[in-house]
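Structure first, then comments.
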Amino acid sequence: IHNHVYDNWNMCGPYGWAGVVFLTPDDRSITHNGLDIYEHRYGMTWDRVDEFRENKHIMDYVDLNNHVQGNPLTEKSINDEWNIKARFKFKYNTLVLHRATEFHSSSPGWGNNFDECRMIQTFFFKTI
C-alpha cells in the first residue's frame, strides 16, 4: 500500500495524478485483479506519513495470499490498519486515474504464467 506523493521512483507530488491501464485481455485473465484504494483507520494521510512512520516513508504491505484465500472482497487488510475505500475491477483497455495522494495497491492475484498474467501500463502526471 503506497501513494505517489513521495515515491522517489515515480513521484507526482500532492497535486499529481497516477493511472493504470489494464492490458491483459479479459478472456486471458484468471484473476481479474484491479486496483484497490485504501484509507488508514487511524488517520494517516499523505501529509502525515512522517508522523505515523517516524520520518520514514514506509508503506504497509497486505498479505495477499491470506487476502485471496479469505475473501477477495474483504474490506480490511490483514494488518487491520487499512480499510478498502474503493475497488476498481480489472477490465481490458480501461484506465483508472486517481490522485497521487491516494493510498493504493493492486488487487490480489497475478496469474499462474505469462499467458494469463497481470499486464498493465502505468502513467504518472506531475501538475503545477
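Counting every alpha-carbon pair across segment 79-128, the share separated by more than 13 Å comes to 70%. Projected label points at Asn93 and Ile128, each 7 Å from Cα along the beta carbon direction, are separated by 3.5 nanometres.
Put simply, the amide H of Ser107, placed in the peptide plane, has neighbours under 5 Å in Gly34, Leu35, Asp36, leaving out anything fewer than 5 places away on its chain. Residue separation of Trp110 and Arg53 scaled by 0.36 nm, minus their Cα-Cα distance, works out to 17.6 nm of gained length.
Every read-out reported here was derived from the displayed coordinates using simple, explicitly stated rules and does not represent laboratory data. The model shown is predicted, which means the values in this text are computed figures rather than measured ones. Positions of Cβ are backbone-derived with ideal geometry, glycine not excepted, and every protein chain shown enters the neighbour counts.
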